[in-house]
Ligand SMILES: Nc1ncnc2c1ncn2[C@@H]1O[C@H](COP(=O)(O)OP(=O)(O)OP(=O)(O)O)[C@@H](O)[C@H]1O
Ligand SMILES: [Mg+2]
């Protein structure tokens, strides 16, 4: 099977300082991947590279076998085939309905279909009663769930999630995790989830990447990473003993 | 004070009686300022949005030029347009000097930098978060720019209102290139100057108050109308 993403020699520098330096990394299709690592490891930067928001300083990324088009005519189509939930989602002014509908409207989906899809997405995250609320008045946790609905509504081929449950209470974490777990089976998409929560990574993912200081320390099946880590750093991190 | 009162009264009477000369200058004032502001918006909002959204080498210099032009003295704008349009000027053949078109042109020169600069500031600060969110959600370049403009609407509104206020209250440029010709290029501000010179201070002041009242109404219309347009979304 062609992998969703394949990275080769990707380096991202800010002010000539490398914050991401990835030799080789492959994200297989139709499964859930977890990206774990301490704060500042480069996890969000990695997702931004995959979402074409950050062009690598060096290296190449392929997307289902073709070069990821950071600009040019093909980049819009590639972007419209994926969705990302940001670490701190920004809501556009207007109500919740308009925010969830936006991705569909940008893709010129017919108004009738928009309505049905928006309500379905809101139902998925359990927030149908918020349709008419001004998006500016949402709580952090509500905004995160709306952002997930906004990402799901366009039926993406790839879903990139940056700490999607960071602001949620345990009950809602379970709801969202259930949603995430169901998605690949129901729609056959690839999910890459960045999380600080190691238990969440264990519960959700089949593959895991451990990033530290911009470099891949270990990348394998989730089971291997947590139960039989190769690197000393990984051992310390997954046991919660890593000091950083 | 008594004469002020009586001239205010006579102005009100003139307005109510539909005095042709008065309506002529009010209408011309509105036409010129609205035309100049509209052209300024068409030029300044896209340019300001681009300036707010994108970084490029030499941007700083362009920003400084815009800020400087925001404070362009109206008389200087008038002189520039005067020289361009005068019989011996490069555009003299068009015979536009002392016409409302010349007045609009001079005012466009004044309001475009204001709209550009204030739009740029309104867009900057919003642009990173909303531009990235829009792009990530699948917006084309144009769609993303429109979404950013919508988020910056309060600031862009202020830009439009400021520009319109500048245009309708301005006298130096319209006097120079318009010439304050009765029935042709006489507007409210040039009338006020004329009446003041003739010693009709009360009439001048009353005209000024009418100008303010009109500004108030136009701004109300702008704020309500444009905001509504920008907030419009397909309802379900
Ligand atoms: N635009 C930028 N300019 C300069 N430095 C940046 C920029 N974006 C990120 N960095 C730096 O790159 C490093 C990696 O950032 P990144 O956001 O990817 O970390 P992260 O792993 O997502 O951390 P967290 O878990 O705290 O979200 C950090 O040191 C950060 O300060
Ligand atoms: Mg992060």
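The values are calculated or read from the model by the stated rules, or taken from the named source; none is laboratory data. Since we're looking at a predicted model, the values are computed, not measured. Positions of Cβ are backbone-derived with ideal geometry, glycine not excepted, and every protein chain shown enters the neighbour counts.
Summary table
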{"read-out": "Helices (runs of 4 or more DSSP H) enclosed by region B:38-146 - at least 3 residues per element that are within 14 Å of chain A (Cβ to nearest Cβ) and at negative phi", "value": "B:132-136"}
{"read-out": "Residues of region A:140-199 that turn out to be more than 16 Å from ligand 1 (Cβ to nearest atom) and within 14 Å of another protein chain (Cβ to nearest Cβ), as a count", "value": "14"}
{"read-out": "Per-region count, region A:11-45, residues more than 7 Å from ligand 1 (Cβ to nearest atom), under 21 Å from residue A:180 (Cβ atoms) and not in a strand (DSSP E or B)", "value": "4"}
{"read-out": "Residues satisfying the stated conditions in region A:73-94, i.e. more than 8 Å from chain B (Cβ to nearest Cβ) and either in contact (Cβ under 8 Å) with a residue 12 or more places away in the chain or within 16 Å of residue B:143 (Cα to Cα) (or both)", "value": "A:73, A:75, A:77, A:78, A:81, A:82, A:85, A:87, A:91"}
{"read-out": "Unmet requirement for residue A:209, which otherwise passes all of (1) away from ligand 2 (no atom under 16 Å from the Cβ); (2) touching a residue at least 40 places away in the same chain (Cβ under 8 Å); (3) under 23 Å from residue A:43 (Cβ atoms)", "value": "(1)"}
{"read-out": "Number of positions in region A:10-38 that are free of Cβ contacts under 8 Å to residues at least 60 places away in the same chain and out of contact with any helix residue (DSSP H, G or I) (no Cβ under 7 Å at 6 or more places or on another chain)", "value": "8"}
{"read-out": "Filtered residues of region A:99-132 (kept if in a loop (DSSP other than H, G, I, E, B), within 9 Å of chain B (Cβ to nearest Cβ) and more than 21 Å from residue A:179 (Cα to Cα))", "value": "A:107"}
{"read-out": "Among (1) modelled with pLDDT of 90 or more; (2) under 27 Å from residue B:71 (Cβ atoms); (3) in contact with a helix residue (DSSP H, G or I) (Cβ under 8 Å, 6 or more places away or on another chain), the one test that residue B:179 misses", "value": "(3)"}
